[in-house]
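Trainee: First, the structure itself, so that you have it in front of you.
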Amino acid sequence: MGMRVFVAGGTGVLGRRLVSQLLDRGHQVTATTTSAAKLGQLAQMGADGVVMDGLDAASVGEAVATARPEVIVHQMTAISTAHAGKPDIKHPDRWFARTNRLRTEGTDHLLAAAEATGVPHVVAQGYASWNGIREGGWVKSEQDPLDLLEGTAAHVGLKALSRVEDVVLKAGGAVMRYGAFYGPGAIDDQVELVRKRKYPLVGRGTGYSSWVHLDDAASATVLAVEQKATGVFNIVDDEPAPASDWLPHLAACAGAKRPMRIPVWLARLLAGDQAVVMMTEGRGFSNAKAKRELGWQLRHPSWRQGFKEELA
Ligand SMILES: NC(=O)c1ccc[n+]([C@@H]2O[C@H](COP(=O)([O-])OP(=O)(O)OC[C@H]3O[C@@H](n4cnc5c(N)ncnc54)[C@H](OP(=O)(O)O)[C@@H]3O)[C@@H](O)[C@H]2O)c1
C-alpha cells in the first residue's frame, strides 16, 4: 500500500533520488523547495511540489497540514553555493551556518508540525563519514559515540547533528547517518579540486572515511520510511577506508595526477581542524545494523568501483 510521504528538501542531490524512488514504489510524495522555479521539476517527476522555508514555523506548519502525510522525511540542508556561497572548509561554522539552523530549528518546526497534525513518523538526515569517536578501532557502529570536535569550528555543526538524533529519537523517529555522498552532482566540487591538485593528502592520510552512493542512501531511506524504523542507522558502504587509499583512487578515476601531500601543520593553517582530523584521525562506520534491521542491499557496495563508474 502506498504511503503519503512528505519530503522536506525534495530537490537536493539526495532528495531528488529519494522522491523518485518513493514514487517508483507507489508512494504519494509531497516534496518541498524554497524556489517556485523548481516546482515544475517536481511536478515532472510526479510529486506534489510545495514552496516551504524550513526556518519559518508557519511555512512548515502550513505545508505539512496541507499535505497530511503519514511520514515526514527531513532532507533540508543549505550546503550548495546557491544557499551557502563558496565552500569554506576552514570555517565550517560559517559555511554550514544555515544548514545548522535547518538541523536545529528546521527539525523542531517539522516535529512540531508532525505533532500538531498527527503525523506518526519522522525520518531525518544525519551524518557518519569520518566523525566517529577518535579512539580505538577505525570503524564504528551505532553504539560508539560520535566525535563532536569540541574546541574547533566544526563543533557547532556536529553538535547540531547530535541534537537531530536526540530529538528525532525522542519523537520515535529514525536518523539516517549518511556517509559522504557520491553520485550524480554530489562531488563535482571535490573532483574539480582533485583535478586542479588542490585536494592534498594530509600527513600520512591515515584517517578513515565512509562513502555512500546516492542511490543506496535513497534506498535505505525508503526502507526506513516503509518499515517505520526507529533509531539511528549508519548508511555507508561496505568499505570504510583511509584517505591514503580513496583519495589517490578518486584522482586516478578523475584522470588527475596523484594528489599532493602536505604536512599537518600546513593543512591546519590552510584548511583548519576538520580537514586535519578527517584525513589523519577520522573513524569510518559499519553498515551492519542497516543491513540486518532494514534488509538494506547496496547496489554500490564500494566507492572503489563506484568512483570508477561515476567518473567514467
Ligand atoms: N552526507 C553527505 O555527504 C552530504 C549530505 C548533504 C549534502 N551533501 C553535499 O552538499 C552539496 C549540496 O547539497 P544539495 O545539492 O542537496 O543542496 P543543498 O543546498 O544542501 O539543498 C538540499 C535541500 O534543502 C533544501 N533547502 C535549502 N534551504 C532550505 C530552507 N531554508 N528551507 C527548506 N528547504 C531548504 C533545498 O531546496 P531548494 O534548493 O530547492 O530551495 C534542497 O531541496 C552536495 O555536494 C551534496 O553532495 C553531502
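Please treat every number below as a calculation from the coordinates, not as lab data. Computed from a predicted structure; not experimentally measured. Counting neighbours? That spans all protein chains shown, and the Cβs are built from the backbone with ideal geometry, glycine included.
Trainee: Roughly how big is the chain's charge dipole about its Cα centre, with Cβ charges of +1 (Lys, Arg) and -1 (Asp, Glu), in debye to the nearest 20?
Mentor: 900
Trainee: Mind ordering 9-20, 152-163, 32-43 by average Cβ neighbours within 10 Å, highest first?
Mentor: Final packing ranking: 9-20, 152-163, 32-43.
Trainee: Estimate the FRET efficiency between GLU192 and ARG25 by the formula 1/(1 + (r/R0)^6), using the beta-carbon distance for r and 35 Å for R0, to the nearest 0.05.
Mentor: 0.55
Trainee: Under 5 Å between amide hydrogens, which residues at least 5 positions from ARG283 or on another chain qualify, with H placed 1.01 Å from N in the peptide plane?
Mentor: Here the answer is ASN131, GLY132, TYR208, since their amide H atoms fall under 5 Å of that of ARG283.
Trainee: Ok, one more. State the answer as a single residue: which of PRO259, ALA275, SER162 lies farthest towards the positive end of the charge dipole of the range 4-311, with beta carbon charges of +1 for Lys and Arg and -1 for Asp and Glu, about the Cα centre.
Mentor: The one lying farthest along the dipole's positive direction is PRO259.
Trainee: Does anyone have the angle between helix 57-67 and the longest principal axis of the chain? Alpha-carbon axes, 0 to 90°, nearest 10?
Mentor: 60
Trainee: How much length would be gained if the chain were fully extended between GLU105 and GLU293, taking 0.36 nm per residue of separation minus their Cα-Cα distance, in nm to one decimal?
Mentor: Full extension from GLU105 to GLU293 adds 64.7 nm.
Trainee: May I ask you to order 297-303, 110-116, 80-86 by the average number of other C-beta atoms within 10 Å around their residues, highest value first?
Mentor: Going by the mean number of other Cβ atoms within 10 Å, highest first, we get 110-116, 297-303, 80-86.
Trainee: For the range 4-311, what is the percent of antiparallel DSSP beta bridges, rounded to the nearest 5?
Mentor: The antiparallel fraction comes to roughly 10 percent.
Trainee: Moving on to the next point. Scan around ALA128 for amide H atoms under 5 Å from its own, H built in the peptide plane at 1.01 Å from N, and keep only partners 5 or more places away or cross-chain.
Mentor: Close amide H contacts, sequence-distant or interchain: TYR178, GLY179.
Trainee: Comparing TYR208, TYR127, TYR199, which has the greatest mean-square fluctuation in the GNM of the chain with Cα pairs linked when under 10 Å apart?
Mentor: Residue with maximal mean-square fluctuation among TYR208, TYR127, TYR199: TYR199.
Trainee: Roughly speaking, what is the centre-to-centre gap between the range 202-223 and the range 90-110 when only Cα atoms are used, to the nearest Å?
Mentor: 21
Trainee: Nearest 10 degrees, 0 to 90: what angle lies between the long axis of helix 107-117 and the longest principal axis of the chain (Cα atoms)?
Mentor: 20
Trainee: Given H placed on each backbone N at 1.01 Å, which residues far from ARG261 in sequence or on other chains put an amide H within less than 5 Å of it?
Mentor: LEU201
Trainee: Rounded to the nearest 500 deg cm²/dmol, what is the calculated helix-only ellipticity per residue at 222 nm for the chain, with -39500 (n - 2.57) per DSSP H run of length n ≥ 4?
Mentor: Calculated from helices alone, the mean residue ellipticity at 222 nm is -12000 deg cm²/dmol.
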